[in-house]
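Accompanying notes for the structure given below.
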Amino acid sequence: MSMLVIGNAILDDRIRQAEFSCDLEICKGACCCVEGWRGAPLDDSELQELKSAFPAARAYLSQRNLGVIQEHGLYEGSLGNYATVCVEEKECVFVYFDEGIARCSLERAYRDGKTRWPKPLSCHLYPIRVHSQDRDYLQYHELPQCQGGRDRGTQQGIRLHRFLEHPLTRAFGQAWYAKLRAECETSSRG
C-alpha cells in the first residue's frame, strides 16, 4: 500500500481517492455504536473539554446513559490512551437516539450554541482514524456499516478529503489541509 506524506503526517493512500458522505438514514449512526469495550478515542487535551461540555450535553441523554456515567465516569483509560465510556460495550455513553438514529449529545449541545467544543476529534474525523507515535498516521477505516456513506459519496462525487475538510483543518491546520487538497486533486487529474 502506498503512502502520502504531508508535513509530519503519513496518510493511507486510499484517502487520496476515496469518495464518502455520511448517510445517517442508511447507517443509523453506526460509528457511534460499534461493539467493543471502548468508546471514542480521546486525546489527553480533550478531557477538560469533555468535562466542560458535559453539563450542556447531559440534557439530551437518557437516564440509562446518565446512570452509566454516574457509575463509570465520562471516560476511561490512562495517559495517552483515553476513550469515552460505552453503554453495555456498545454505543458511546454520549449517544442519544432520534427516530432510530444514534446521534451525539456533545455535538447537539455545540450546534445548539451551548458549548464551544463540537465533539472528540476522533469522532469528527471519522472514517479517518489517527494513530500517533513519533508521527501521525491517518488511516481510512472502512466500517461495513458505512457502505451507505461510500455509495452516497460516489453518487454525489464527494471526495473524502472534502467531506472532512472542517475536522481535518481543526486537527492539522489550514495550511496542512490546503496541501492535502492540492495533493488529492492533483492525483485525480493524473
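Read-outs throughout are calculated quantities, based only on the coordinates presented, and are distinct from any laboratory measurement. Here the structure is a predicted model, which is why all the values come from computation and not from measurement. Glycine gets a Cβ as well: all are built from the backbone with ideal geometry, and neighbour counts include every protein chain shown.
Structure summary
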quantity: Directionally averaged shadow of the chain, computed from the convex hull of its alpha-carbon atoms, nm²; calculated: 11.4
quantity: Coil-residue trypsin sites (Lys or Arg not before Pro) of region 20-102, DSSP, other Cβ within 10 Å capped at 15; calculated: LYS90
quantity: Spatially proximal aspartates and glutamates relative to LYS90 (Cα-Cα < 14 Å; intrachain offsets below 8 disregarded); calculated: GLU35
quantity: Estimated Rh, region 28-116: Kirkwood, alpha-carbon pairs, angstrom; calculated: 13.0
